[in-house]
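A short write-up of the structure that comes next.
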C-alpha cells in the first residue's frame, strides 16, 4: 500500500515540474520578443528615446541611448551619459558623456561634438564652460550638431563669458583681460585687475603689480602707466580715502591725488588724465580750482592747470589761526587774509595768492576796522587792508582799532589815542592801562583807579570799586576783577602774533595782575548764579596768564553736539581725560569718541612711554624728532602713516605743548593745542570746535563749561590735590 502511494506522488511531482518549465519557456520566449531585453536598465522614454545600460563581461555598466524598438542612437559604450541640452524633441538633444573619467559631448545622431578629454563641462545658455587639464575655456553650442571654440582652455582662471564685455583672466599666474573673441585687451602682466567702471565717456579699470597701480581704458589704451604708488581722494577737511585696484570713486569726484616715485600729482576725476604732474612733495585738497603745494619743503599755491599762483617760498602758512600741514588743511582756505612765514618773518597773502603784505614783519595781528597791528623789532604800527603801512611803525605798543580809535604807547611809555590816519586824538596821560572804545567810551586804569573817558579824553564816569579778597572769583556783579598771578613763566608764550584779546598786565608789589572785564548783557542768561560766573569768551583777556591756584590732579571733559555733524557722523558725545602727579606732571591722556575709537597715552616725568587702545584699526608709533619734539605716528589698516600728535617739551623734560591733529581726536577734522607751564600744569586749551560764546570757571579760574557757536557744549570736572 505504501509503495503504491509513493509511486502516485512521484508521478504527480513530475507533471508539475514539466508544467513549470513550459511556463518559464513561454515567458522567456515572450521577453525575447522585446528588443530592449538585452539591457540591464532602461530609463523612462521621452519623445521615443531613453538612456539604457548594459552589464559587461568585465563586471561594469556601460550606457548609451536607444529608442523603443531597440534601435541604438548612441552606442552603449560610455561610462556615464546624461542629458546636456534639453529641447522640445529628445531626438535633437545633446548628451554629456564620460569615458575613462573624462567628459565630452555627443548628439542623438551619435555625432561627437567634443571628445572625452575634459574634466568639467557646464552649460549656461548657448555657451559652454570647459575645464581641461586644470585650464579654463569657453565654447559655443550651435544647435545640436556643432560646437564652436570661443576661448581655448589655456587660462588658470576665467570670468563668466560675455560676448560684448571684457573678461578678467589669469594666464601663467598673471592677470589680464580678454574680449569674447579671445583678443587681449589688457596684457597678462599684473597681479590684480579691477572691473571696468563707466567714468564719464570712459570705461576704465585699475591694474596692480608689485604694489603699484595703473589705469586702462576698455579699448586697451593705457590712461595711466602702472607706476602709481598711491591713489586717494581728498576733501576740504583733509579726509582721505585711499583707492585700491577695484575702486573707482563717485563720478562726481572732481580730482584724484596720486603718488609716483614719492612725488604727488593730480588726475581729473572725469578722464583720469594727469592735470598736475607728479613732481611735488605734497598737494592739498583742490578747493575752488586751487591747491597748496610743497616743493623743496616750502609752501606755494597753484591752480588745477599746474600754473603757479604763488611760488613755493614759504616755510609756513596760517589760516583761521591754524597752521596748514600735510596732516591738516584748515577750513576757510583761500580767504583774503592768509598769514605766510619765511623764517621768523611774517606777511600776508590774499585768496588769489597775491602777497599784499610783504614777509618782513616780526608779528601781525588780525584786521580790525580794516587795520592790522604790525610789529617789527620793538616798534609797532598799522597796515591797512591794501597792505600799506598807513601808520608808521613808531610806537612801543599798539592795540586794535575800535570805533575808529586805537591806543598806542609813545617813546616815553605813555598811552595816547590815534585815528585811522595816524592823527593823535587823545593826548598822552598817566594811564597804566587802557581798554577799547565801546558805545563812545573807554575804560582807563591808573594804579587802583578805574574810570571811563569819552572820544575827547574827558572823564565821564568813575568806575573804581573796592575789591574784597573773595571778589576775585565770586560776586561777579562788579564790573572789574583782578586775578593774581605769581607763577607766570616767561617762556610759555613764544608766539609774537598779536590777538585782539590781549591787554597789558599791572604790576603791584612785584606781582602780576590780569584785568578781566565782564558785561552781563553779553552773557547767556540761564540763571542768576550762572549769570555771575559765565563770561563771553571774546571779552576774556589772555586767560593763559592767570594763576592756577591749586595743582590739578585730574581733568575729565565731555562734549556734546546737538546738531548734525557736517561730516555725516551724527550727533554724539566725545570725552578726554588728563591725569597729573602731585608735582603737576602729566601721567596719562586718554580720548574716546563714537565712530572714532579710544586711545590712551602714558607718560613718565612728562615723557611718553607707551600707548594703547583702538582707533579704527590703526596702530601707533613713537618717533623722536629732535631733543624737545616727539611725533606720534598713526599707521592705519592699509599701512599708511600720518602724524596725529606732536609733543613739545621744555629742556628739562617737562611737557610744554601738545598739538593733537585732526584724525586722532576730532571728527570735525580740526586740531587741538594744549599748553602747559614749566611745572607741567595745563594753562589753557585752544578749542577745536570754533568760537566760544560762553563759559563758566571755577574758583581756581579754570573753565568748567563752554558753549560753542556751532552748538557743541563741553563740560570739565577738575579734581585738585
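Here are the numbers for this structure:
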{"item": "Within segment 614-721, strands (runs of 3 or more DSSP E) holding 2 or more residues that are modelled with pLDDT of 70 or more", "result": "619-626, 629-635, 641-649, 655-660, 672-676, 692-697, 703-708, 712-720"}
{"item": "Residue count, segment 307-324 (criterion: assigned to a strand (DSSP E or B) and closer than 20 Å to residue 265 by Cβ)", "result": "5"}
{"item": "Test result for residue 219, under 21 Å from the mean Cα position of the chain (by Cα), in contact (Cβ under 8 Å) with a residue 12 or more places away in the chain, within 24 Å of residue 177 (Cα to Cα) and exposed (fewer than 15 other Cβ atoms within 10 Å of the Cβ)", "result": "no"}
{"item": "Test: residue 236 is at pLDDT below 90, in contact with a strand residue (DSSP E or B) (Cβ under 7 Å, 6 or more places away or on another chain) and closer than 27 Å to residue 364 by Cα", "result": "yes"}
{"item": "Segment 413-435: number of residues that are within 18 Å of residue 381 (Cβ to Cβ) and assigned to a loop (DSSP other than H, G, I, E, B)", "result": "7"}
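This table checks each residue for (1) surrounded by fewer than 21 Cβ atoms within 10 Å (Cβ to Cβ); (2) at pLDDT 90 or above; (3) on the phi > 0 side of the Ramachandran plot.
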residue: 304; (1), (2), (3): yes, yes, no
residue: 309; (1), (2), (3): yes, yes, no
residue: 335; (1), (2), (3): yes, no, no
residue: 350; (1), (2), (3): yes, no, no
residue: 354; (1), (2), (3): yes, no, no
residue: 403; (1), (2), (3): yes, yes, yes
residue: 406; (1), (2), (3): no, yes, no
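The values are calculated or read from the model by the stated rules, or taken from the named source; none is laboratory data. These numbers come from a predicted model, not from an experiment. With ideal geometry, Cβ positions are generated from the backbone for all residues, glycine too; neighbour counts draw on all protein chains shown.
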